[in-house]
Structures are given as C-alpha cells and as structure tokens.
Amino acid sequence: MKFYSTNNVNHQVSFKEAVFNSMPQDRGLYMPMSIPRLDDKFLNNLDSYTLPEIAFHVAKNLLGDDIPDKDLQSIIHDAINFYAPVIGLEESVYVLELFHGPSLAFKDFGARFMSRVMSYFLQEGEKMLDVLVATSGDTGGAVALGFLGVPNTRVTILYPKGKVSGIQELQLTTNGQNIRSVEIDGTFDDCQAMVKKAFTDPELNKEFRLTSANSINIARLIPQTFYYFNACAQLLKEGKDRVVFSVPSGNFGNLGAGILAWKMGLPVEHFIAATNANDTVPEFLKSGVYYPKPSVQTIANAMDVGDPSNWVRIQDMFKTDPQQLKELVSGFSYTDEEDVEAIEKIYSNYHYIACPHTAIAWQALKDWQQDQPTGRVSGVFLSTAHPCKFPDVLPKHISRQIVIPEQVKTLEGKNKHAAALGTDFESFKTYLLDNK
C-alpha cells in the first residue's frame, strides 16, 4: 500500500518510508492511497474472532504486502498482548477499557505496534533512529515503554512543565537507557510545534534520522482501529449490532482511528467528539468555522490541545463530502467543574471510577442520548487511562478506592531525570546537537 501526503496526493511513499519519515516535508500527514472496505463475511462475524485475529485482518488490508503475513502476525501478538474489555454499566451504556497495557493508557496500542514495526524495518548498521515525541500526558509513557531497550533507537520526550500528573511525569522521566526527557516551560502545543519544526529543519535532518512517535505517525493510527472492531465484536456476542462511540479527544488520533475503521466498513452509527475546554473541534462542528487557538490547562490534561494535528486526517477522509462529517460526528465540550461532577455521578451511579478524560466521554454520551429517540443503539464511551494516574484530580473519597497497579508502585521512590528548556526552538535544536 502506498501512502500520500494530505497536502499533496501526488507525494506517495511506501509504508516503511511513511513510518520513518512520519511527517512529509510539505507538513501534511500520511494517509493510505485507498481505504479498503473489509468483506461482509468478516464484518458480520466479528464476534468469532479474537483481538489479535481482528488486528491482523485489519492491518493486512491496510498494509497489503508491506510486511509478510507471518511477520505481521508476530508483531501483533507481541504488541497487542493485553485485553480491552467492554463493560456494561446500564442499558445502552458501555465502557471500553483501554488502559490494561503496560503504561495504563490507550496509547499502548499505537506505541507498542509502532515500536515493533520500526524495529522490524531497522537494518543492522543503519543510522540510529531518533524518535521525537511531544506528550500532554499519556503518549510519552507509552512510547517510553514501547521503545525502552530497542537497539539503535533513541527517544526524546517533550512534555509541558507542571501540566502532567505526578505519575505521568515519573513514567516519562525515570526510564533511562535510550529514553530521555525534556521539560518545556510552556504548553503541549508548544512541545508539538517544536517537534514538528524539527522534522523540517535541514540541519537536524542532515545530522539525525528523525521520526515521530506522536499520533501524526501513521503507524500509531492504524493499530488504534483494532479496538473499535474488537468492541463491536464483544457487543455482537451480546446481540448488540448498533453502536455509537463517545471518544475523549485531544489531538484527535483516537477519533481519527474510529472513523478510519468506519470507512473500512465497521457499522458505527455515530461518533461523539468529547473535549474539555479546548473546544476547537466541537465549535467547528457547530459553526462550520475551524479556528485553532492556544490550549488551556484543564484537569483532563491529555486533551489540552488547541490545534489538534489529526483533524486534517479526518477532514481528508471527507474531502469529497464535508457534510457527511457533520452528520457522522457530534461535538461536546465541558469545563473542569462539569468534569468533576461527571466523575462523581459515575461513581455514584455505578460505583465505577473514571479518569477525567473518561468522565468527559461518559457525560457527552449521556447528553447525546438525551436528544435521541429511545432505541436499541448501544452507547460506548472510551476509557483511555487508568484513574490511578490522577489521584490529585479525583475527589478524595473516590481516589481512596483506587486499586494501585503494580507497575505504578514500582515508580515510587525513583528520581526524575529531565532537561529543562523554554519554548524557543533554537534552544531545543541546540540541545539535540549538543547531546548526539
């Protein structure tokens, strides 16, 4: 399969090149030349397949012969070795738990698949691969664990000072080996802008073999489709064949993956883009005017994105019918106060503990359902991170009930190691050149 730039359909590359040169020089993002529709036999019998089997079928159709079947199966079985259960909370309300991987966030699907694909394509004796990643919270931890110890790779993580949780920061700054962290005195948007600028800087590209581990990398996007198919498979086993997904959204890779799955034939009736106060996309869906703005800090920090990179991919999938996008996707945004209230409601109603991102997706689903005729459509909201990552955000009587996973306990007592920089790109460039 060839992949093209969203800024120039004539700029086409192989999957391998799209993975390693994650952002084209024209500043577009890579998309598959064609989005294959999966066969009806597979779609109608999703419930008879395991998650790894679903993942292989989906990836094979998107990648073609870029990776031989046996190797692709091996990559998937190694990367996707945890589960993603759909849990019913009430009639027509389900939660898709995506935090059962090693970093306790949905980013494990993309980061682990991508790191193994890169390792597969890396040849002995090739120039070291420098992976740059900007994180608003969970991406960095997933990428760090995905690449930790991978030969001939080095990961540099940029994160905004004071805008990630304590546990998230430990996941970013305590790995050592081939993982290093840079604390930026700014916002996630600043971090993301610095990473993007690095990819188009001639001197850095001459000196380093740069690639991205953010969701702008197509190898992050593809595996995120897997859990949408798998969620529908689990619902089919319960006789549920109509579904709506409510997706907590920041950089919009998660929603982009869901829409890509829909384009491949997954029978989703509607998507809900649920955001915090960073409401660029919900406002666009209401007004038709896309107006990126500086991000604002919220308690749902992984969604603090004012100019989401992956929105161009979503718009690209609807370039021949923009109106269809507005019919398929609804947008909702919430304040921190509304977010905390949702956390309280979820705990009170179901005795279920949700992280602040998950709570926003639940509230958006409930608000959307209020305006819909009662029927048999199953609403699924995505739980993107384990609540233990946000003990200072959750109300005390709820946070005290969290069962702390072992991988979090092992972080306690470790020392933080991170360089400190401002938002000036030249300072970041100098850091990279001085620490080759």
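The values are calculated or read from the model by the stated rules, or taken from the named source; none is laboratory data. Source: prediction; values computed, not measured. Here the Cβ is made from the backbone with ideal geometry for all residues, glycine too, and neighbour counts use every protein chain on show. For accessibility, only protein heavy atoms count, side chains too; no ligands or nucleic acids. Shrake-Rupley method; radii C 1.70, N 1.55, O 1.52, S 1.80 Å.
At-a-glance table
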quantity	calculated
Charge dipole of the chain about the Cα centre (unit charges at C-beta), most positive-ward option of N7, V155, A84	V155
Solvent exposure ordering (accessible area, 1.4 Å, most first) of V143, V377	V377, V143
Accessible area, probe 1.4 Å, largest first, for residues K70, K366	K70, K366
Probe 1.4 Å - accessible area at C191, Å² to nearest ten	0 Å²
Within-12-Å neighbourhood charge of D66 [Cβ basis; K, R +1; D, E -1]	-1
Whole-angstrom gap from the stretch 399-425 to the stretch 270-301, using each part's C-alpha centre	28 Å
Principal axis dimensions, the chain - Cα atoms, whole angstrom, descending	61, 49, 43
Surface accessible to a 1.4 Å probe, S215 within the full protein complex, Å²	10 Å²
Residues Y120 and Y83, FRET efficiency given R0 of 25 Å [Cβ-Cβ distance, rounded to 0.05]	0.55
Potential lengthening between Q401 and T335 on full extension [0.36 nm per residue; Cα-Cα distance subtracted]	21.3 nm
In Å², nearest 10: area of E169 left accessible to a 1.4 Å probe	40 Å²
Cα-based Rg of the stretch 250-365 normalised by 2.2 N^0.38 Å, two decimals	1.08
Whole-number accessible area per residue in Å² for the stretch 36-138, which is evaluated in the context of all protein chains at 1.4 Å	39 Å²
List D26, D40, ordered by accessible area with a 1.4 Å probe, largest first	D40, D26
Size of electric dipole in the stretch 326-391: Cβ of Lys, Arg +1 and of Asp, Glu -1, about Cα centre, debye, nearest 20	340 debye
Share, in percent, of DSSP beta bridges within the chain that are antiparallel, nearest 5	20 percent
